[in-house]
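The values are calculated or read from the model by the stated rules, or taken from the named source; none is laboratory data. Small disclaimer: the values here were computed from a predicted structure and weren't measured. Neighbour counts are summed over all protein chains in view; Cβ atoms, including those assigned to glycine, are modelled from backbone coordinates with ideal geometry. Protein only, heavy atoms only, side chains kept; ligands, DNA and RNA dropped before computing areas. Shrake-Rupley method; radii C 1.70, N 1.55, O 1.52, S 1.80 Å.
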Amino acid sequence: MGVTILHQFPMLENRTGPQTIEFLTKRIVALGAVQMGQFLVDCDSYISMPSLGPQRTVHVLHNSEQPASVFSILETNTKTIPLVADGLFDLLMLKMTPIYTKKVAKIESKGPRFELADFCIKLGSVTISQNFKGVLVEVEYRPCVVPSNCVGLMREFLQGFLGSCVQSLPACLQNKMDEVYQPMDTIQQYLDHFLNFRKMAGYSG
């Protein structure tokens with residue numbers, strides 16, 4: 001995999017979620033992109049029982065691009081700990097119900113996946129409990145694994161079909177520009193957006 005940038009596309013008042021996906025699809029197909037299936041990224045969050053002391057939250061995410069992996073991010077009051085495991089981690093969380101309870105409804109981003117030369121583009125409809133919340137656009141530049149070497153090109157590519165709404169880089173990348181990009185970096189971007197969507201929907205976490 002290469003470097004990925006995840007961007008929230010601003011919604012227009014007179015356009016629904018499916019209409020927005022169709023609008024963006026027409027734009028990238030006009031550039032020569034070809035649809036190559038679908039994708040899905042989802043997230044469940046669990047909170048520790050109050051009787052166990054300071055609150056800890058575990059976010060468990062899946063990405064259809066890495067079907068054999070389960071990604072988890074543990075948040076405490078002082079730090080964040082990422083973990084990549086296999087599918088058995090889901091079963092482990094089911095057995096942890098005396099310690100962790102599911103916090104809020106599942107949130108997911110899913111939709112069509114496109115390829116255009118060295119780029120992979122995904123147009124995701126974000127839903128919480130099947131209720132549409134927004135659109136996330138994921139762009140991956142596959143030949144490069146160091147963000148500082150390609151973010152200028154990627155920003156220009158994004159602006160080419162998203163317009164001037166593309167400004168700053170994802171916060172989680174800004175301190176890792178010269179490091180090798182990892183799948184967990186994509187997961188962290190999704191989690192940051194998911195938490196914002198939950199906050200806007202009135203969920204606390």
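Residue count for region 49-68, restricted to those that are touching a residue at least 12 places away in the same chain (Cβ under 8 Å) and more than 15 Å from the chain's Cα centre (by Cα): 8. If the condition is being open to solvent by less than 80 Å² (accessible area, probe 1.4 Å), in a loop (DSSP other than H, G, I, E, B) and of a type in the set (Ser, Thr, Tyr), then region 29-86 contributes SER64, SER69, THR76. Looking across ALA30, ALA117, ALA68, ALA85, one residue alone is within 26 Å of LEU12 (Cα to Cα) and not polar (S, T, N, Q). It is ALA30. Taking region 1-21 as the range and being exposed (fewer than 14 other Cβ atoms within 10 Å of the Cβ) and either closer than 19 Å to GLU108 by Cα or within 19 Å of the chain's Cα centre (by Cα) (or both) as the test, the residues that pass are PRO10, THR16, PRO18, GLN19.
I'd like to verify a number: residues in region 87-110 that are touching a residue at least 24 places away in the same chain (Cβ under 8 Å) and either part of a loop (DSSP other than H, G, I, E, B) or under 19 Å from ALA201 (Cβ atoms) (or both), how many?
12
Residues of region 173-202 that are surrounded by 14 or more Cβ atoms within 10 Å (Cβ to Cβ) and small (Gly, Ala, Ser): ALA201 alone.
Across region 139-157, not a single residue is classified as part of a strand (DSSP E or B), among the basic types (Lys, Arg) and either in contact (Cβ under 8 Å) with a residue 24 or more places away in the chain or buried (at least 19 other Cβ atoms within 10 Å of the Cβ) (or both).
Looking only at region 81-126, filter to residues that are polar (S, T, N, Q) and modelled with pLDDT of 90 or more; which one of those is farthest from VAL29 (Cα to Cα)? Restricting to residues being polar (S, T, N, Q) and modelled with pLDDT of 90 or more, the top hit is SER109. As a summary of the residue check, GLY160 satisfies the conditions (1) over 15 Å from the mean Cα position of the chain (by Cα); (2) more than 18 Å from LEU24 (Cα to Cα) except for the one numbered (2).
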